[in-house]
Every structure is written in C-alpha cells, then in structure tokens.
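Take a look at the structure below.
The values are calculated or read from the model by the stated rules, or taken from the named source; none is laboratory data. Only a predicted model underlies this, so the values are computations on that prediction, with no experimental measurement involved. Here Cβ is always computed from backbone atoms with ideal geometry, including for glycine, and neighbour counts include all displayed protein chains. Please note that ligands, DNA and RNA were not included when accessible areas were found on the heavy atoms of the full protein model with its side chains. Shrake-Rupley method; radii C 1.70, N 1.55, O 1.52, S 1.80 Å.
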Amino acid sequence: LNRWEWNMDDIWEADFATGDANVVDLVTAKLQKLPYRTIQLLKRASCLGSNFDVDILAMVEGCSVDDVRKILYSAEMEMVVERRESVDGYRFGHDRIQQAAYLLIHEGMERDMQHLQIGRLLRKMVHDKDSPQQKQEQSQRQKSQRQMQQQQQSPHHQNGWILFTAVDQLNLGADCIEDDYERMMLVGMNIEASDKAIDMSAFLPAREYLRSGLSLLKHEDKWKQYKITLQLCTKLAAVECTMGCFDECQSTIDEVLLNAIRLEDKIPVYFTLVEMLSSKGRMKEAINLCVAIMNLLGEPIPRTPSKLQILNDFLKTKRLLRGKSDEAILTLPEIRNGNKIAAMKLLGKLAPLAWWTQEKDLNVIVCLRLLELTITYGLHDASTHAFALFGFILIVLGNTSEAFRFGKLALTLLDRRKSKAYAARTMVVTYLFLHHHRCPLHDTLNPFMSAYKIGMESGDIEYASQACNGYCSIYVLCGLPLAMVEPDMRRFAEQMKSYNQENSLSLFRVFWQTVLNFMGRCKDPLVFEGEAMQEKDVGALLESNQTSTLLAYWLCRMMLAYHFGHYELAGKMADKLEQHGSSMLRAVATGYARRALIALTMLAFVDLSDDKKQLKNRKLRIKRARKQTRIIEAMVRDQNVNCHHSLQLIRAEFAALKGSKAPVDEVRSLYDKAIASATRLGFLHDAALANQRAGFYMIKNDKNNKDWGEHYIRKAHELYNEWGAYSKTRQLEKSFAFLTEERGSRRSSGTFHLARLRFNEANAKRHRSIVLPPLPLPDPE
C-alpha cells in the first residue's frame, strides 16, 4: 500500500498561523488526492474537531454508520484518520491534518455555513429526542427493544452530549443566522447548555455558553429582552465568581444592578457580590451589604446587636424548639416564601463573615435567626447549614450534648435531601466545630476531603477552600507525618490562588509556613520568612481585620516557640491570643492546642522565674495556667477524647514546678502517663513534646542517674524525626552530643496516614472542560 509517511516532529513544529507554505501545500495536496466524497466528509469532520464520533458524522451526513466507515476507509488506509479504541469514532492522524482539512473550507461565509448546517441538523436531533411524541413512542416500546436501542445508541445521544455539539456548531455559524426567532432559540440553547455544563462542574465551558448567548443579543437594546438578558447576566456573574474572574464578575454585577427593575431580580447578584467580597477578604464590606439586604427582605439584622436582642432571639428559638423531636424537625414542611428563602441563603453567607472578623454577637444572632426561619417557615436545602450553625452556637454557650445533636441533625437532613448546594458548608461547619467534641480529631480528616470534593463539584469554591484549611490545619495538629501533607498543601495553595480565594489562602499560608518551619525549610524556625508566608504579611492581616487568620498566626508561632524552647516568644503569643480571642474559639478544633500551649507556656515561665521582677508575676502566670487547665478538665469530663493527653502533660508540669518537694519518680510517672496518652490517641508531635519535657526534667532533677533523661531525649528525637520536624531534630542534636553519635536517616516512618484521602487535581480539571459521564446501565431482562 502507498501510505503517507509523516515526519510528525516537523509537522508539529510547523506554525500554520504564520503561513508555513511548504507544510500547508504538502498536507493539502495529499488530502486532495483522496476521493471526492472522502474529502467532503473530512471537511465536515474537521468542523467537529480533532476527534469525532462516527454516529454524529452519520447524523450530519444523513447516511448510515456503515456508509461513513466505507467513505473514510481510504483516509484510514492513508493514515489521515485512525480509529479510537474507547468509543466508536475516529481521530485525525495529527492535529495539523485536521487543521489542513479545515483550511480546505473557504474562510468566511462558506465556513460559517458549514458549521450552521451541522448545528441545524444536530439541533433537530435534540428537539426530536425531547418531543412529547418521541417520549410517548419510547414509553410504548417493549423492554427488549428498549435495551437493544440503548446498546446501539450513541453515548453522546444518551447523555445529552449532542446538545453541546449542536450549540458549539450553531455558535460558530451564528453570523449567518438572519431569522430573529432562530437567534433567540440559539440563546435559549446556550442557556440550556450552560446549565448542563454547570451540573457537570464544567464552569469554563458554561461561561463561554453564557457569553455566546449574550453576544447573540443586539448590544444596544439587549435589555429590551429583559427576562432572558437578566437570566444570562445573573448566571454569568455567578460562574465568573466561581472561576475567580472577579473583575469580569464585578462588571456583570454592575450591569444587572443598573438595569434590573425589581428587588427579587437583584437578589441573586447581591448574593454573588457578597461571595466575591468574602473571597477577596473584604469582610466588613460584605457584612454591611448583607445587613442592608436583610433589611430590604423584611428580616432586619442589627449591625451591632445588644445583649437584650440576643437574649430575645435565643428565647424565641428555644420556644420554637420546645417539645420537637428530631424526627419532627426533619419532617417539617417545605418552605414556600421566596423572601424567606432568600433571607436564609443570605444569613448562611453572613455567619462565616462574622466568624472571620470574630464579631461574636453578630454571629450568634445570625445563627439564631437562621434556625428561627427554618422552624417557622419550613425546610430548605439551607436548613442543613442552619442546624450546623445552631450547633456551633450551642458549643459557644457550653451545651455540648445539644450541639452534637444538631450536628447529627444537619448530616441526617443532608443525606435525606441529596442536595450538593449546601453540602460542603454544612460538612465544614459540622466537622470543624462540632464533631470533634465527642469523636477523635483524626476522624474529621476524610470528611474534610469529601467536603472539598463536593464543593469543587458544586461550584462552592469558598467552602471547598475552607475544607482544605480544615483538613490541613487539623492534620498538623493531629501530629501526622509532615512530609506527606506538605506537597498537598503546595497544590491546595496554588488552586486557591488560581480561584482568587484570598481570604482562605491567607489562613492556609499560616499552617503551610508552620509545616515548612518544622521541616527545616527556612533559616529560622521561629520566624515566618519562607515560601508560604512572610512576617511582613501580618500587617496586611491587621489592616483587613482578618482576626481569625491572626489568631491562627499567633497560635502557630506559639506552638513553634514552645517546641523549640523559646518561652518568652511563646508568652508574647499567648498574651495576644488571650487578649483578642473570644468565646467562639471554644468551638474550633484548634482550641485544644491553644489552651494547652497557653497553660504550658505560663508554667514554663514560672519555672524560669529567678529574679524578683519575674517572681512578682509568678502567681499571675500560675493563675492563668490553672484557668486554662480547668477548662480542659471540663472538656475531658464532657467526654472529649482529644485533650486528655494535654491535661496529663499539664499536670506533670505542675508537679515538676515543686522541684525537690516532689519525688522524682512521681513526676516521671505523670510524664509517662502523658506520653502514653498522646501515643495511644495518635498525637505524634505531642508525644515527642512530652518526652522532651520529661527529659529536660530528669536531666535537671536526677543528676545521679542520667540514663532516664537521655532515654526521654532519645525518644523525643525519634518521634520528632518520625513526624518530619527535622529542624527540631537538628536543634536536639546540637544540644545533646549523644544524639549526634546515633543520628540516623531523617525520614518519616509513620504509616497510619496512608488511608487518608489526598489532593486530587481532577477536582479542578473538571471545571475547565466537559467530561462525558458514564453510560446508564441497560434495563435488566
């Protein structure tokens, strides 16, 4: 056979756009030697792209699939096209061949008409498939006939894929459409295609469909087509916000607010504006906007609620819940009032804003009002979020049992309604604030990754990013191997940046830099001067009032300072945490580490108190340590399993302060209990810390027998090495010569993290293109 021989590297390097005449002439000349019908079919196929399905080409040509294969046989033999294994279709032998076939169609009217003709044929297929007559005929077929057709039918036809192809072709040929009715029909098809793309999490194609729809309307009088223009712009603003295209989003929002007539027409873009401001870290602006819109909806929220207002709302909520069982709450009727639904959605956006800015009173009244609307007017998808947020308020008020109850109600309702719209935010609130008060902290990690996946699929990028924050911060505080999470943190950060999630990214960078500091990826482990974050970034956090991020920064620096023995710096961070923290921090999972480290830091200061000035503060520091200890003791009594080891270590440190008055063996026994508890619960870094503190104590107080002290230091070194805190192992090696002699390889040896869900790039890739869903299974015989 005389087949073509291609130098693919040369063809690939050739640039058609710059007019490489030799390559163009060569490929075109070869194509024109093929039979006439084959050339015409290849021209049609090139309009569909580099890959094309034989059944769609058969539809376009009005012939059978077998006829298409016969016509393409000569092209297949010449390696112009080749068959695809996964589906019944072909691909061009190279993208350059497809481009050459496409160039055979004269640019301008002829090419546009080709696309338009293909689009019109496919549009007829879409409408025939969806017509009532067609549906009635299908319902009357026998089961065996339905099964046979399902096996023979195109996967694109079965999944509505043909709609995307039809709309793409019609958009390319839109300049040739003269009939206004046909143009408006295409606008509607673009909206339908965008909705299907959003359902498939393909937000980039959805945005292009919406833009194409708008371009089909005459720019100067498009708002005369009020309803459809409003629909296009509202959807476009939401998709642009999801993709992080905030400049374009702001422009679209401004256009809607300028032209929209009624309040209910403006509400959806107000929601988008709030989400955009939140993502950009402009919290105060977003809060003020929410409060203003709530007034317009007839559900006024005070910007700075008084204690009396909070008490009234709390008592009202309590009365509404009185006597209602879990099942009675879960079977409430569906909400019908449109303004109340809008108010619930907006309150759900306002609650996290009040959390970020640590406005406790506003946060409480928002969460109470959200539940009031659910109990009074009925259930909505947002009710899952309402139950979780009410649980958060109950934790703040100290009612753990009821909080845990509403957390379970939120997850139960979420499972019953099968809606993804509020799934990510409901899961984030439940597992960040509620679940860990009765369950192991480690058990929240996989749910956070599930929330991240659902958020990416549903377009809730803000809460997908929050789920990343929850996952990575708790991973670090669980003491799991750092070497496993750091690469994932890097990719999460890149993804947040690509979606312009500035607010979530600022918090995320704090924990990422903490990991880098422990791993030895910076000069000074006590200073944030690395790839993830710089100390100069703290000023921007103060200016933008990102209190929650500042609290995380002070906590992480206190953690680093205490582990590395710089108690003065740890004390400064503890002072800031106590000065700026609110009771809302009681709910968050990082609260255990915060309280334990404050207590341990105060006790370390007392142990160092030698001069008279420090002795004056001794009683105050002991008082502060006891205050935190009492809170931790209450948590342990309330069945919290995540802070038992911290309580044991604090008790050991209290005993160690007695010096010679306390028997060394008794103090050592308390340290052993802390070590055993941390090891049993899986807190690797806390087990290392307890061993280090025990070693320091034994070396200082049992000078006649150094073996115990060296034993604890060796164990601390081993555990820090297993955790991946290599900067800490180097510090210990410099301080204790016997460690340098025994130093082995620095590698994390933990294996209990291997079952954890990890970062998956596919969750973001799906936003950029449409992925064909799996075929439905045929009916059983």
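Does Cys245 satisfy the criteria of being within 25 Å of Ala351 (Cβ to Cβ) and at pLDDT below 95?
no
Considering (1) within 23 Å of Ala464 (Cβ to Cβ); (2) at pLDDT below 95; (3) surrounded by fewer than 22 Cβ atoms within 10 Å (Cβ to Cβ), the lone condition that Phe404 does not fulfil carries the number (1). Taking residues in region 203-221 that are open to solvent by less than 80 Å² (accessible area, probe 1.4 Å) and in a helix (DSSP H, G or I), and partners anywhere that are of a type in the set (Lys, Arg) and modelled with pLDDT under 95, the pairs with Cβ atoms closer than 6 Å and at least 6 places apart or on different chains are Leu204/Arg768. Mind checking which residues of region 662-721 are crowded, with 24+ Cβ neighbours inside 10 Å and of a type in the set (Asp, Glu)? Matches in region 662-721: Asp686 only.
Yes or no: region 389-398 includes at least one residue that is open to solvent by 20 Å² or more (accessible area, probe 1.4 Å), in a helix (DSSP H, G or I) and not β-branched (Val, Ile, Thr).
Scanning region 389-398, I find no residue that is open to solvent by 20 Å² or more (accessible area, probe 1.4 Å), in a helix (DSSP H, G or I) and not β-branched (Val, Ile, Thr), so the answer is no.
The set of residues in region 94-116 being farther than 15 Å from Met79 by Cα and basic (Lys, Arg) consists of Arg111 alone. Test Ile253 against the stated conditions and say whether it is modelled with pLDDT under 95 and either out of contact with any Lys or Arg (no Cβ under 6 Å at 6 or more places or on another chain) or closer than 21 Å to Leu373 by Cβ (or both). The answer is no for Ile253. Going by the conditions given, is Leu263 modelled with pLDDT of 95 or more and not charged (D, E, K, R)? Criteria not met by Leu263.
Quick one: which helices (runs of 4 or more DSSP H) lie wholly within region 406-521 and hold at least 2 residues that are over 19 Å from Ala382 (Cα atoms) and not aromatic (Phe, Trp, Tyr)?
Passing ranges, in order: 445-458, 461-477, 482-498, 502-519.
Test His645 against the criterion of being touching a residue at least 60 places away in the same chain (Cβ under 8 Å) and in a helix (DSSP H, G or I), and give yes or no. It is false that His645 is touching a residue at least 60 places away in the same chain (Cβ under 8 Å) and in a helix (DSSP H, G or I). Taking every residue in region 250-276 that is under 18 Å from Leu297 (Cβ atoms) and touching a residue at least 24 places away in the same chain (Cβ under 8 Å) and pairing it with any residue that is assigned to a helix (DSSP H, G or I) and small (Gly, Ala, Ser), at least 6 positions away or on another chain, the pairs with Cβ-Cβ distances below 7 Å are Val256/Ala237; Glu264/Gly338; Ile267/Ala342; Val269/Ala237; Thr272/Ala237; Thr272/Ala238; Val274/Ala286. Every listed requirement among (1) at pLDDT below 95; (2) among the polar types (S, T, N, Q); (3) open to solvent by less than 10 Å² (accessible area, probe 1.4 Å) is met by Thr426 save one, (1). Taking helices (runs of 4 or more DSSP H) as the structural unit, those lying wholly within region 73-187 and holding at least 3 residues that are open to solvent by 60 Å² or more (accessible area, probe 1.4 Å) and modelled with pLDDT under 70 correspond to 132-139, 143-152. Does at least one position in region 523-536 carry a residue that is assigned to a helix (DSSP H, G or I), charged (D, E, K, R), farther than 30 Å from Ser735 by Cα and open to solvent by 30 Å² or more (accessible area, probe 1.4 Å)? No, region 523-536 has no match at all. Would a scan of region 451-462 turn up a residue that is among the hydrophobic types (A, V, I, L, M, F, W, C), open to solvent by less than 10 Å² (accessible area, probe 1.4 Å), in contact with a Gly (Cβ under 8 Å, 6 or more places away or on another chain) and modelled with pLDDT under 95? There is at least one residue in region 451-462 that is among the hydrophobic types (A, V, I, L, M, F, W, C), open to solvent by less than 10 Å² (accessible area, probe 1.4 Å), in contact with a Gly (Cβ under 8 Å, 6 or more places away or on another chain) and modelled with pLDDT under 95.
Restricting to helices (runs of 4 or more DSSP H) lying wholly in region 259-339: which have 1 or more residues that are acidic (Asp, Glu) and open to solvent by 60 Å² or more (accessible area, probe 1.4 Å)?
Filter on region 259-339 gives 263-279, 283-296, 326-330.
Once region 648-661 is narrowed to residues that are in a helix (DSSP H, G or I) and of a type in the set (D, E, K, R), the residue that is surrounded by the fewest Cβ atoms within 10 Å (Cβ to Cβ) is Lys661. Just one of the listed residues (Ala292, Ala343) is among the aliphatic types (A, V, I, L, M) and in contact (Cβ under 8 Å) with a residue 12 or more places away in the chain, and it is Ala343.
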